[in-house]
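We did not get these values from a lab; they are worked out from the coordinates using the rules stated. Given the structure is predicted, the values throughout are model-derived calculations rather than measurements. Note: ideal-geometry Cβ built from the backbone for every residue, glycine included; neighbour counts use all protein chains shown.
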Amino acid sequence: MLKYILFTAAILSILPFTMLLVCQRYLIRWTVLGLLLPVLFFNSSAINFYSHEFYRGTSRGMEVSIIYIIAVALILTVWLLRGRIKLFPDWGSWIYLLYFLLSVPSVMNAENRLFSFFEIWKMVMIYLVFLAVYHYLEYSGGDFDIFLYGLMIIAAVNFGSCVLQHLSGVYQVRGLFPHQNSLAMYMVMVSLLFFSRYFNRCEGWPSLLYFGSFVLAAMTFIRTYSRGALACFPLGGIVTLFYSLKHPYSRRKLHIVLVMSILALIGLSVVAPRIIERFEKAPESSGQTRKELALAAVNMMKDAPLIGVGINNWGIKINPPYRYCNVRESRRYDDDFKDGIVETIYLLVGAECGIPALVLLLLWFSYYWIIAVRLLVKLQGTPWFFVPAGALGGMTSIFLQSALEWVLKQQINFLLLITLFAFLAYLSKHWQEFTVGTVSTGKTPAPLPKQG
């Protein structure tokens with residue numbers, strides 16, 4: 001009963017909070033932190049209706065997070081101040097709509113349609129965050145700094161939490177995140193964004209702040225000993241470094257690379273034994289499990305290639321009495337055991353939602369990856385070049401990591417990814433404004449005028 005009262009109070013607070021933001025516009029900028037910081041205490045800051053805590057799926061309840069409530073308030077605020085908003089501001093948002101629409105029919109094959117609704121609800125809520133980030137950037141004229149401040153706090157707090165876990169003897173730290181792999185993926189994305197900001201913009205002492213945040217985020221994900229992140233991060237880092245050195249080249253960048261190479265070698269010499277141990281001593285059963293679950297996903301796609309076996313129903317269909325569990329020769333099922341999730345979101349989406357939905361997911365990811373590549377050319381020499389450079393490296397890493405792990409499906413990681421997509425969507429629309437009269441000053445443009 002209490003959670004329904006809290007939910008009602010939270011919903012009723014949206015309109016008064018929106019009016020406060022409209023009247024006190026200086027609060028809008030700091031409200032944006034509410035889209036980021038609650039990930040530090042995500043479970044305690046969300047109301048979870050119809051919760052199924054022990055379900056082995058990508059969504060375990062109908063979660064209403066404070067993040068989503070703030071997103072709605074920000075959207076309404078910008079709408080009232082500007083007179084209009086766009087529900088689908090770029091082609092990527094239309095692709096996401098098609099991906100969503102192609103995922104919904106899988107409910108027809110779902111064993112538990114309530115579980116399917118949990119994932120559909122999550123997809124809608126996450127899109128609200130995309131709209132909130134995009135339209136705040138529209139309103140502010142490109143205020144990326146407030147997002148970086150929030151990510152700095154997240155990186156610093158998780159680093160401190162990981163230090164405490166390390167001192168208490170935890171082998172694979174997870175900070176304040178639900179799993180070490182999800183922490184690693186999140187820190188890979190933010191570390192490359194911090195590095196790109198430091199590397200591509202010389203700002204005096206603020207540059208040292210970004211460099212420090214990069215170091216904290218990098219040390220955090222390394223200490224998770226996530227094999228997927230450790231394998232994929234170097235590729236993303238190379239992508240960011242390559243384009244950053246190229247556009248434009250400077251002696252400062254070369255000096256930074258030399259110094260950081262020396263520091264990286266020293267750091268790796270300290271943690272290398274544990275990293276090597278993590279790869280060499282990984283249990284053979286882990287690799288066998290991955291193969292068997294991947295085969296089960298392929299079998300599901302063969303049986304239901306168009307609409308899948310049911311969104312967020314993997315945790316049901318992989319267990320008896322369904323025959324997909326027959327591939328798990330190494331596993332004995334009993335009343336207390338429930339099998340895990342296939343370790344790649346691509347096969348997971350294909351199995352649950354069908355091949356057409358998988359194609360749309362890949363197209364959605366590819367769209368923003370290509371947008372980042374194009375922005376590297378359009379924004380070279382401007383203060384905003386660091387955004388596509390960092391985002392491109394981060395996306396390269398996590399899209400590859402997602403072929404090895406499913407954690408991108410967790411809300412915390414998906415929220416950060418959708419934020420990066422909003423960054424790229426905004427820059428793709430306004431890049432011409434940023435290449436005229438801003439290169440020499442590096443200052444953020446004034447907020448766009450009210451429309452209507």
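Computed quantities for the displayed model
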quantity	calculated
Cross-link table Lys122/Lys302; Lys378/Lys429; Lys122/Lys317; Lys86/Lys429, entries beyond 19 Å C-alpha to C-alpha	Lys122/Lys302; Lys122/Lys317
Dipole magnitude (debye, nearest 20) for the chain, charges at Cβ of Lys, Arg, Asp, Glu	900
For the chain, with +1 on Lys and Arg beta carbons and -1 on Asp and Glu, the positive-most of Ile276, Phe115, Phe130 along the dipole	Phe130
Helix-only mean residue ellipticity at 222 nm for the chain, each DSSP H run of n ≥ 4 adding -39500 (n - 2.57), per residue, nearest 500	-22000 deg cm²/dmol
Label-to-label distance, nm, for residues given as Ile266 and Leu114 (7 Å Cα→Cβ offset)	5.7
Modelled FRET efficiency - R0 41 Å, Leu101 with His166, Cβ distances, 0.05 increments	0.35
Gyration tensor over alpha-carbon atoms, the stretch 329-429, equivalent ellipsoid semi-axes in Å	34, 13, 10
In order through the stretch 383-393: 3J(HN,Hα) via Karplus (6.51 cos²θ - 1.76 cosθ + 1.60), integer Hz, x for Gly, Pro	x, 9, 4, 4, 5, x, 5, x, 5, 5, x
Cβ-based net charge around Asn200, under 12 Å, with every Lys or Arg adding one and every Asp or Glu removing one	+4
Length-normalised contact order for the stretch 142-266 - Cα pairs under 8 Å, 6+ apart - percent	26
At R0 = 60 Å, FRET efficiency that the Cβ-Cβ distance of Arg252 and Ala10 yields, to 0.05	0.80
³J(HN,Hα) computed for each position of the stretch 205-217 - Karplus, 6.51 cos²θ - 1.76 cosθ + 1.60, integer Hz, glycine/proline x	5, x, 4, 5, 5, 5, 5, x, 5, 4, 5, 4, 5
Distribution of pairwise C-alpha distances over the chain, 20 Å bins, in %	24, 57, 19, 0
Rg/Rh for the stretch 67-168, where both radii come from Cα atoms and Rh is the Kirkwood radius	1.10
Percent of Cα pairs exceeding the 17 Å cut-off, where the set is the stretch 131-276	64
For the chain, with +1 on Lys and Arg beta carbons and -1 on Asp and Glu, the positive-most of Leu427, Met152, Leu74 along the dipole	Leu427
